[in-house]
1. Which one of the conditions (1) surrounded by 14 or more Cβ atoms within 10 Å (Cβ to Cβ); (2) within 14 Å of chain A (Cβ to nearest Cβ) does B:P377 fail to meet, given that it meets all the rest?
2. Out of everything in the range A:348-362 that is more than 14 Å from chain B (Cβ to nearest Cβ) and farther than 20 Å from A:L97 by Cβ, what residue ends up being surrounded by the most Cβ atoms within 10 Å (Cβ to Cβ)?
3. What are the residues in the range B:256-265 that are under 21 Å from the mean Cα position of the chain (by Cα) and part of a loop (DSSP other than H, G, I, E, B), if any?
4. So, in the range A:46-87, exactly how many residues are of a type in the set (G, A, S) and more than 12 Å from chain B (Cβ to nearest Cβ)?
5. Considering only the range B:247-259, state which residues are touching a residue at least 24 places away in the same chain (Cβ under 8 Å) and within 7 Å of another protein chain (Cβ to nearest Cβ).
6. Could you pull out the residue among A:L322, A:L344 that is of a type outside the set (K, R), in contact (Cβ under 8 Å) with a residue 24 or more places away in the chain and within 21 Å of A:R281 (Cβ to Cβ)?
7. Enumerate the pairs (first residue in the range B:44-56 and free of Cβ contacts under 8 Å to residues at least 12 places away in the same chain; second residue anywhere and hydrophobic (A, V, I, L, M, F, W, C) and part of a loop (DSSP other than H, G, I, E, B)) with beta-carbon separation below 9 Å, excluding pairs fewer than 6 apart on the same chain, so at least 6 apart or on different chains.
8. Output the residue which, of all residues in the range B:27-83 that are away from chain A (no Cβ under 14 Å) and β-branched (V, I, T), is farthest from B:A227 (Cα to Cα).
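The values are calculated or read from the model by the stated rules, or taken from the named source; none is laboratory data. Every value quoted in this text rests on a predicted model; they were computed, and no experiment measured them. Ideal geometry is used to build each Cβ from the backbone, glycine not excepted, and the neighbour counts take in all protein chains shown.
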Amino acid sequence: MIRIEFRGLLKIGVTAAVGMMAALVPGAAEDFGPVPQIETNAAQVELGRRLFFDKRLSGDAAISCASCHDPARGFADGLPLSAAYPGSLGFRNTPTLINTAHRAAWFHDGRLGSNLNDVTREMITEDYMMNMDMRLMQERFKQDPVYVEMFEAAGYGEPSNGGARKAIPEFLKTLISRNSAFDRGELSPSEQSGFTIFAGVAGCGTCHSGPRFTDDRVYNTGVPDNPEIWRNPMRHTTFVAYAMFMGIENFMNIRRDPGAHVRGHAADGSDVGTFLTPTLRELTHTGPYMHNGVFATLEEVIDFYDAGGGDDPNKDRRLMPLGLSKQQRTDLVAFLRALSGDPLTGPEFVWQDPIPTEYDVIDDWRETPN
Amino acid sequence: MLKGHKETLISAVALVVALPLFAAPAGADNNPPLAPLGDPPIPADNPQTPEKIELGRMLFFDPRLGGDASTACSSCHNQEQGWGFSDDLSRGYPGTVHWRNSQTVINSAYYGKLFWVGAASSLERQAPSAAKGAVAGNGENDVMEARLAFIPEYREAFRSVFGDEWPKIGNAWRAIASFERTLVQTDTPLDRYLRGEEEALSEQQLRGKALFEGKANCIECHNGPMATDERYYNIGVPPAPRWEEDALAQITFRYEQYAKGVTEELYRFIKDDAGLYYRTKQKEDMGKFRTPSLRYTLYTAPYMHNGALWDLTEVVEFYNNGGGENEFGHNLSPLIRPLGLNDDEIEDLVAFLEAFSGPEIRMTVPELPAYQPLPDPAE
């Protein structure tokens with residue numbers, strides 16, 4: 001029943017994303033400013049932060065949001081392909097959550113373009129993500145006196161699914177890049193040269209525009225396949241479950257991630273293999289790269305674009321070999337590194353107190369309203 | 001035998017009529033007699049074949065038919081625990097506990113409806129409910145079906161048994177149901193006695209049988225070949241003690257109210273399992289549960305829908321005391337009242353109840369085939 005709700009929202013989400021995209025025309029160099037901070041409610045953030053680190057939000061209480069979105073790894077996981085819920089393995093790279101609140105669409109395929117409330121629900125309930133029945137999750141919260149107090153303090157009343165789906169996004173709004181060399185205006189000569197190449201001859205800024213260095217649109221750059229997805233049944237089963245649910249045709253026989261085809265379903269298949277432009281913020285913390293983690297280093301990424309991208313019949317025509325010199329490639333990588341700021345690993349981002357794995361008994365249970 | 005049975009029953013009725021408030025309802029002597037168990041019914045749309053049964057047997061033991069690939073049918077229907085689970089409440093999915101007692105799979109083939117309040121109309125429908133429930137298997141169709149496709153032995157078996165190009169999850173439940181229809185026991189001491197083998201029951205068990213059909217009036221509900229009328233009663237089983245003592249059980253209790261869609265008022269104040277009410281939403285069905293079979297009960301302790309009674313003697317004593325108390329007292333069955341059995345009679349009755357079970361049914365756990373990568377059709 002959660003699924004049906006999702007189907008309806010998807011349509012609305014895509015419409016909203018298209019609307020936002022119109023406003024995000026690729027920017028000029030001067031548009032690459034610091035990522036704006038977002039005003040938040042402290043009590044709601046605090047609740048969201050605890051929820052984010054609480055394993056009891058997954059079906060078998062084995063993983064939390066932070067299991068794959070680790071603050072020490074730029075709120076990603078450092079793996080080529082994500083780990084997923086026990087019993088499954090992921091078929092895509094875990095994206096960073098830093099600056100995620102500014103996005104116009106989420107997931108590498110952009111299948112949700114509405115808001116983080118929906119994204120939160122999707123992550124918690126999807127069977128290969130956290131596989132949680134949110135009705136049970138609500139009752140877990142209600143068993144924890146700390147949550148009873150925190151939901152109340154956050155203005156959400158008693159613990160509820162709805163409150164959790166608001167509080168986690170509120171916490172995510174605090175994950176904003178800060179203090180990168182680029183934002184401080186302290187680029188070295190090599191980094192400065194890299195920026196010039198980035199915004200100029202290499203044309204990276206065409207898609208990687210705006211303060212987050214992404215236009216939130218989808219493109220096919222011909223990223224090579226990651227054969228590990230098809231070699232490992234634990235990953236391939238996850239892909240099949242996803243494809244089955246997303247209505248992808250011929251899903252047992254394809255061996256290529258169709259990407260944002262799931263939101264456009266172009267009849268001629270021209271959107272197969274398109275993926276959202278990722279942010280370039282925090283790259284030093286968030287490798288490996290690309291939707292399938294196929295590149296381990298930024299050098300490999302630059303080499304990929306220098307060669308004009310990969311091999312795909314639907315590849316964006318603007319991708320052409322760049323003919324960059326070794327020095328230019330080095331400078332580009334240096335510039336990309338300068339887009340990473342302070343790690344968000346302080347107590348304002350990481351829940352500090354131990355979160356119990358067990359629950360307190362409600363002693364006067366018979367007299368306590370449920 | 002039927003005649004004798006009637007006479008005994010009438011004398012039992014005469015005894016209880018003297019008690020205040022309730023008399024036995026008219027027609028009590030129309031109960032079907034205990035009878036030997038024949039072959040289980042096989043649905044026309046899911047015939048038994050040896051290959052299907054073997055596939056079902058493997059799937060029954062396969063934890064990949066569950067959310068995190070840890071919980072198989074056999075986790076809560078454990079052959080070493082009477083094909084049920086030897087705790088008051090079933091173990092549930094990791095991170096949870098269930099809220100009802102796990103029933104034995106043995107002879108489940110004969111029930112018209114499955115689960116404690118008959119929520120599933122067939123074994124084919126029971127299996128997915130259990131595999132998918134958040135406090136049971138917590139699986140989802142898409143992931144479970146996808147997993148089956150990556151096990152070559154299953155691909156082969158589903159193709160051969162069902163003609164599936166790729167294993168269909170619905171056919172997994174059909175195969176499991178077929179396997180479960182082989183888990184039957186039709187040669188208990190009682191079956192043998194009822195087929196004419198007079199020495200199959202001891203003298204004590206025969207005394208117990210007379211009480212069962214007479215003074216104790218168990219036959220009123222536990223009748224026919226399965227020793228159940230498959231009707232629903234509130235016999236006053238008290239709430240599970242764990243709802244007062246166990247935080248996980250408290251969570252699941254509230255979850256069940258929420259998930260079953262009761263009114264908010266009921267959600268706030270209910271402290272016991274309302275049973276059949278969740279299906280019918282009729283107040284007069286609160287606290288009612290289906291009469292369970294008495295077959296195989298030698299191995300399926302504890303007893304009752306929430307495992308409140310830990311051995312058969314406790315069960316008999318419970319009835320002898322006129323049942324217990326729960327918050328649905330207004331629906332308490334009028335059939336439940338003190339029986340006036342003495343200690344010897346209680347022992348005789350327990351001895352007879354043991355005659356509903358033959359030897360334990362055990363089998364080798366099948367070796368489960370592993371996942372294999374799927375060949376790329378383009379290569």
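1. Going through the list (1) surrounded by 14 or more Cβ atoms within 10 Å (Cβ to Cβ); (2) within 14 Å of chain A (Cβ to nearest Cβ), B:P377 breaks only (1).
2. A:D353
3. Within the range B:256-265, B:K260 is the sole residue that qualifies.
4. 10
5. Across the range B:247-259, the qualifying residues are B:L248, B:I251, B:Y255, B:A259.
6. Within the list A:L322, A:L344, the selection yields A:L344.
7. none
8. In this case the residue turns out to be B:T49.
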